[in-house]
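The next block holds one structure in the form of structure tokens; read it before the comments.
The values are calculated or read from the model by the stated rules, or taken from the named source; none is laboratory data. What you see is a predicted model; the values in this text were computed from it and never measured. A quick note on method: Cβ atoms are made from the backbone with ideal geometry, for glycine too, and the neighbour counts reach across all protein chains shown.
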Amino acid sequence: MEKIYMENNNHNRKKKIDGVSILAFFVAILAVVSLVAVGFNQITFATKTVQENQLPDNFDVKTETEVANKLLSNKSFPIMMHFAEISCEGDANGCQAGKKTFPIYCLERQKDTVDTKYELNADDSSITDVGLIYLMANLYPEVEMEPIEAIEGDNADHKVEMWISQALIWVYLKETGLDPTSALSETDKQNVFQSAFIKYGQNINEMNSDKVGYTNDESKYLVDYYKIKGTNMTAHQVYDKAMELHNVPYESAYGVSVVEDGDVTISQDEKYYFSKKLSVLENTSDKSIAELKSFSITLPEGIPDDTEIVDEQFHTIEDLSNLAPGTKFYIKVPVDSIEEAVDIKLDVVGNFDTLSARRFSAVNEGDFQQLTTLKNVTNGRPAEYDFELTPAPDTASKSSMAQTMYFIGLIVLLCGVGIVYANAKNAKVKE
Amino acid sequence: MPKMQKSKNNIKKSHLLLLGSLLIFVGIVTFSWRYLVKLKNEVFSEMKIAMMDVDVNEEIIREVPIVENLTPEEPQQGEKQYYIDYDKYLGVLEIPKIGLKRGFYNSDSKYNNLDWNVCMVKGSALPDVVNGNLILMSHSGNGYGAYFAYLYRLNIGDEASVTYNKQRYNYKIVNIYTVPKKGVVSIVRNYSKTTLTLITCTKNDDTSQTVYIAELV
């Protein structure tokens with residue numbers, strides 16, 4: 001009986017322990033999930049739209065009046081959207097019946113539109129205005145946008161984002177003078193930023209065929225109502241920053257420089273000199289324009305033998321062609337090989353993932369709107385670093401030699417004086 | 001006999017007087033040796049600087065007639081070839097604040113010797129090289145050849161100049177720093193400026209050298 005009781009007791013305890021363990025396990029899981037969720041909420045990042053295909057150098061363009069018509073056709077700022085149509089295979093990622101379309105933006109509002117084949121502008125295919133590149137990099141379709149308030153319904157057709165993107169590009173081109181023939185009036189500009197019709201959620205709902213449930217909030221304009229997904233930056237703020245970047249020269253929009261830390265040192269056995277600790281700093285106007293992916297180092301010709309680049313642990317870096325951003329390194333120079341002044345000039349190239357804004361024109365047609373879109377490219381930007389060393393033999397004070405000479409001279413002089421004095425005195429006494 | 005001894009004593013005394021006089025002379029010469037050498041040195045230096053001012057083109061750079069048709073690659077007859085006369089000063093360093101005016105030789109010259117002259121470091125650039133760096137060194141202290149003995153009196157903003165090829169290049173000191181004496185010195189300068197670097201031992205410190213960086217103004 002006693003045995004049975006003990007067994008039961010053990011059994012119950014086991015059960016109890018199992019229950020506690022399971023509870024603890026679930027609490028732990030809950031805690032981890034909560035932490036991850038909190039962490040994710042604190043991270044803000046722009047959501048890039050997936051553009052699997054970069055647009056080729058020529059494509060068919062289709063215009064669509066839906067956005068314009070939906071957007072208050074009687075209220076002065078309609079937008080005709082352009083779509084580049086390219087061939088595709090399968091039925092995934094928006095490919096339908098072997099065709100796929102991408103929104104593409106107009107650079108010349110006052111000109112007519114046409115459905116035709118477009119190709120890269122032969123004379124001037126590259127746009128180097130940093131502000132415009134930034135603007136396009138932070139508007140649809142490069143990033144997804146969303147209303148600042150949670151809404152019900154689907155926003156899959158992106159009509160509002162397209163309207164905002166094209167409208168802001170036109171306003172930017174007018175304000176910066178990049179489109180000198182822009183027919184955009186001050187009223188048009190006001191319409192983009194302040195027009196009453198843009199305030200009304202009802203009107204926005206009209207644009208969205210999917211019946212998104214906007215509220216009638218008169219305190220917000222459309223460009224203030226939409227933000228880059230995953231951030232708190234509204235379309236209006238994107239435009240403002242683009243205007244700030246307008247005067248940044250394209251050459252300095254992104255680049256690298258070599259920064260140094262600490263002092264030049266010599267190894268304990270005094271056989272090697274080490275430069276200051278070096279690293280490559282990314283200087284970019286905005287990460288959305290360009291991002292450093294790697295860098296390379298080239299040692300020049302004619303430097304002392306066995307000069308090499310070493311890492312933070314002073315190990316030789318063999319492959320200097322593909323170093324990760326943030327890598328710190330030293331230049332290591334054998335002391336014995338420095339026979340004359342030498343300037344070790346490092347050539348550093350930062351490899352950036354960046355965006356190129358391209359200009360397209362209608363093929364064999366009249367004077368129609370030019371179009372633009374971005375393309376991902378990889379560009380290298382150079383930097384230099386000089387490490388100058390010179391042999392410096394002992395330039396010690398030579399005073400000890402001079403003092404010895406003084407001393408010897410003085411002793412000899414005094415000896416001479418003593419001898420002369422003693423003999424001259426004796427001679428005088430005897431006389 | 002006493003007469004002979006007296007005569008002997010006189011001779012001995014005269015010898016001793018002669019020896020004493022000789023020692024006095026040698027002592028004076030040894031005692032003032034540094035000043036004499038310095039005086040001679042300054043006189044010669046001034047002469048060389050004066051010569052350099054007068055005939056840079058005619059004497060430092062001379063025309064050398066070319067022997068005709070040695071090889072097809074040889075310069076054609078009538079072409080001029082130049083060489084630098086290493087026995088002449090290449091340039092003159094002046095630092096008014098410490099009263100220094102001293103010529104220096106080309107780095108390949110046999111006279112470009114730290115023990116005798118201000119020394120131009122091989123591999124350093126001449127003053128007319130844009131963004132180049134002319135590096136000069138000399139001893140400190142008070143012995144012969146210690147031309148940079150008073151560099152320690154210089155401060156940032158003080159002026160120095162180098163006369164080279166009849167052009168005067170004026171510099172202003174922008175940085176002074178000390179490095180351990182290890183036989184090699186790291187130059188810290190602005191590489192977008194033409195600079196003059198002066199190196200000597202740190203005053204009252206046998207273990208370090210002081211580097212003075214001056215930029216062209």
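Do we have A:Phe352 as touching a Gly at 6+ places or on another chain (Cβ under 9 Å), more than 8 Å from chain B (Cβ to nearest Cβ), among the aromatic types (Phe, Trp, Tyr) and assigned to a strand (DSSP E or B) here? So that I can check it myself, show each step before the final result.
Numbers: touching a Gly at 6+ places or on another chain (Cβ under 9 Å): yes; more than 8 Å from chain B (Cβ to nearest Cβ): yes; among the aromatic types (Phe, Trp, Tyr): yes; assigned to a strand (DSSP E or B): yes.
Yes.
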For this session: State all residues of the range A:355-384 that are under 22 Å from A:Phe59 (Cβ atoms) and among the hydroxyl-bearing types (Ser, Thr, Tyr); if no residue qualifies, say none.
Result: A:Ser356, A:Ser361, A:Thr372, A:Thr373
Problem set entry | Residue list for the range A:82-125, restricted to those being part of a loop (DSSP other than H, G, I, E, B) and among the hydrophobic types (A, V, I, L, M, F, W, C) | A:Cys88, A:Ala92, A:Cys95, A:Ala97, A:Leu107, A:Val114, A:Ala122
Exercise. When you scan the range A:310-323, how many residues do you find that are surrounded by 10 or more Cβ atoms within 10 Å (Cβ to Cβ) and more than 17 Å from A:Lys271 (Cβ to Cβ)?
Worked result: 7
Seminar exercise, completed: Per the list (1) touching a helix residue (DSSP H, G or I) at 6+ places or on another chain (Cβ under 8 Å); (2) of a type in the set (A, V, I, L, M, F, W, C); (3) closer than 18 Å to B:Arg102 by Cβ, residue check on B:Val184 breaks on (3)
Exercise. Only one residue in A:Ser296, A:Ser279 is of a type outside the set (A, V, I, L, M, F, W, C), modelled with pLDDT of 95 or more and more than 27 Å from A:Lys375 (Cα to Cα). Which one?
Worked result: A:Ser279
For this session: Specify the residue that is surrounded by the most Cβ atoms within 10 Å (Cβ to Cβ); the eligible residues are those in the range A:163-184 that are part of a loop (DSSP other than H, G, I, E, B) and either small (Gly, Ala, Ser) or not assigned by TED's automatic domain parsing to the domain that holds A:Val130 (or both).
Result: A:Ser182
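Residue-wise test of (1) at pLDDT 55 or above; (2) over 21 Å from the mean Cα position of the chain (by Cα); (3) at positive phi.
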site	(1), (2), (3)
A:Gln194	yes, yes, no
A:Phe197	no, yes, no
A:Asn205	no, yes, no
A:Asn208	no, yes, no
A:Tyr214	no, yes, no
A:Tyr221	yes, yes, no
A:Tyr225	yes, yes, no
A:Gly230	yes, no, yes
A:Met233	yes, no, no
For this session: Select from the range A:93-116 the residues that are basic (Lys, Arg) and surrounded by 15 or more Cβ atoms within 10 Å (Cβ to Cβ) and write down the one among them that is farthest from A:Met80 (Cα to Cα).
Result: A:Lys100
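So that you can scan it fast, the table gives a plain yes or no per residue for (1) in the same structural domain as A:Leu139 (by TED's automatic domain parsing); (2) touching a strand residue (DSSP E or B) at 6+ places or on another chain (Cβ under 7 Å); (3) farther than 30 Å from A:Asp353 by Cα:
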position: A:Asp261; (1), (2), (3): no, yes, no
position: A:Glu270; (1), (2), (3): no, no, yes
position: A:Phe274; (1), (2), (3): no, yes, yes
position: A:Ser285; (1), (2), (3): no, yes, no
position: A:Thr298; (1), (2), (3): no, yes, no
position: A:Tyr330; (1), (2), (3): no, yes, no
position: A:Pro334; (1), (2), (3): no, yes, yes
Exercise. Are any of the residues in the range A:363-379 facing chain B (nearest Cβ under 7 Å), modelled with pLDDT under 90 and farther than 30 Å from A:Leu278 by Cα?
Worked result: no
For this session: Select the strands (runs of 3 or more DSSP E) contained entirely in the range A:221-283, then report the ones holding at least 1 residues which are away from every other protein chain (no Cβ under 14 Å).
Result: A:226-228, A:254-261
For this session: Those residues that are at the interface with chain A (Cβ under 8 Å from one of its Cβ atoms), among the polar types (S, T, N, Q) and out of contact with any Phe, Trp or Tyr (no Cβ under 6 Å at 6 or more places or on another chain), I need them from the range B:155-210; list them, please.
Result: B:Ser186, B:Thr197, B:Gln209
For this session: Name the single residue, out of those in the range B:144-154 being at negative phi and not hydrophobic (A, V, I, L, M, F, W, C), that is farthest from the other protein chains (Cβ to nearest Cβ).
Result: B:Arg153
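Within the range A:255-299, track down each residue that is among the acidic types (Asp, Glu) and under 27 Å from A:Ile228 (Cα atoms).
A:Glu282, A:Asp286, A:Glu291
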For this session: Quick one: count up the residues across the range A:236-274 that are out of contact with any Leu (no Cβ under 7 Å at 6 or more places or on another chain) and within 30 Å of B:Ser208 (Cα to Cα).
Result: 13
Problem set entry | Set A:Lys287, A:Lys276, A:Lys293: member being without any contact (Cβ under 8 Å) to a residue 12 or more places away in the chain and not hydroxyl-bearing (Ser, Thr, Tyr) | A:Lys287
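Residue-by-condition table, conditions (1) outside any strand (DSSP E or B); (2) not acidic (Asp, Glu):
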| site | (1), (2) |
| --- | --- |
| B:Tyr144 | yes, yes |
| B:Tyr152 | yes, yes |
| B:Asn170 | no, yes |
| B:Asn175 | no, yes |
| B:Val179 | no, yes |
| B:Ser186 | no, yes |
| B:Asp205 | yes, no |
| B:Tyr212 | no, yes |
